[in-house]
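Below is one structure; the comments refer to it alone.
The values are calculated or read from the model by the stated rules, or taken from the named source; none is laboratory data. Since this is a predicted model, take the numbers as computed values, not measurements. Every residue, glycine among them, receives a Cβ derived from its backbone with ideal geometry; neighbour counts consider all protein chains shown.
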Amino acid sequence: MKIDLHVHSKNGSDGRWPLRQIFPEAKRRRIDLISITDHDSLGSQQEACQLAETHGIKYLTGVELNVTLAHHHFTKGKAVSLDFLGYAFDIENKPLQDKLSALRSYRRQRAEMILANINEEFRKEGRKEFTTEDMEKIDASVDGSFGRPHIANYLMAKGIVATKQEAFDRYLVKCDVPKMPLSLQEASDLVRGAGGKLVLAHPNDPNGTSLAFVMKSLEEQTEMISSVMLPFLDGIECWHSRHDKRVAAFYLAYARERGLIATGGSDCHQQPVLMGNVQVPDCVAEQFGI
């Protein structure tokens, strides 16, 4: 059985492809079970369920939530950002829908504040500032949840930077504005309240929002999970495109020891197309009764 429980779409967040392109490719790659896990968005879920059925692929409802967490010992009191995945929840659950709607609305306000900060940098450089028209053009390019990658794409389109990485290095890191905070308890209550399971995403991803930026040691990471997260957590994403075999095995052993479910996926944004490239064992599907 081929499984990928971490895929992003253009419909709901920052994937390159729309759902109608993702599902035929998933079928071509012989993926048997899939989940679209867009950031703070359920907008793609209904269509994803329908397309999965059309293509004969089993489907789990999914979402990726960004959580703000601070701890006096493990983070030295500093707020850190971590990603969590919600699975197998009711997409019609109103508290979950309402909170995600509020998070998405704030994303646009945040983008406006980031542009204001970028304009400060432009003034120092003697560069023409962004206007309301620029904001509208960026907004028009957004299919799902508004994020910094959309601003990066616009900076590239305007010829201000050559690459997305340069956009972040020159502007988007120093000009950042915090996201609307979502606590781990609130994320857990929302997903579990909708009948779902909450899973810590890519805990040791060296290039993403993960515990790897809090501490390098896997043992320290699991110490923090045990001390801070366990009451709110149902599982851990063990298999990921940026987890090597050692990390996957370590987290699988920890999940089994703690009675947590183990999940896996490519985290595919179609840049490049990684769907189905991560070897996820059949037991992952069995945990969800599939």
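Of the residues examined, D98 is not one that is of a type in the set (D, E, K, R), closer than 22 Å to E237 by Cβ and modelled with pLDDT of 95 or more.
Quick check on segment 242-271: of everything there that is among the acidic types (D, E) and not in a helix (DSSP H, G or I), which residue is nearest to F232 (Cα to Cα)? My answer is D267.
Please pick out the residue among A167, A187, A249 that is touching a residue at least 40 places away in the same chain (Cβ under 8 Å), at negative phi and out of contact with any Ser or Thr (no Cβ under 7 Å at 6 or more places or on another chain). The match here is A187. Within segment 43-59, the set of residues being out of contact with any Asp or Glu (no Cβ under 8 Å at 6 or more places or on another chain) and either buried (at least 24 other Cβ atoms within 10 Å of the Cβ) or assigned to a helix (DSSP H, G or I) (or both) comprises Q45, Q46, E47, A48, C49, Q50, L51, A52, E53, T54. Do we have A194 as surrounded by 14 or more Cβ atoms within 10 Å (Cβ to Cβ), touching a residue at least 24 places away in the same chain (Cβ under 8 Å) and more than 17 Å from L82 (Cβ to Cβ) here? Answer is yes for this residue. Residue under question is S81, and the condition is that it be under 16 Å from K10 (Cβ atoms) and in the same structural domain as P206 (by TED's automatic domain parsing); does it hold? Taking the combined requirement at face value, the residue does not satisfy it. A single member of K174, K179, K216 is in contact (Cβ under 8 Å) with a residue 60 or more places away in the chain, basic (K, R) and either touching a helix residue (DSSP H, G or I) at 6+ places or on another chain (Cβ under 9 Å) or in a loop (DSSP other than H, G, I, E, B) (or both), and it is K179. H72 satisfies every condition listed in (1) modelled with pLDDT under 95; (2) under 13 Å from the mean Cα position of the chain (by Cα) except (2). Against the conditions (1) modelled with pLDDT of 95 or more; (2) not assigned by TED's automatic domain parsing to the domain that holds S188, G147 satisfies every one except (1). Looking across N66, N93, one residue alone is closer than 29 Å to C238 by Cα, out of contact with any strand residue (DSSP E or B) (no Cβ under 7 Å at 6 or more places or on another chain), assigned by TED's automatic domain parsing to the domain that holds I36 and of a type in the set (S, T, N, Q). It is N93. Scanning segment 92-132 for residues that are of a type in the set (S, T, Y) and touching a residue at least 60 places away in the same chain (Cβ under 8 Å) turns up just one, Y106.
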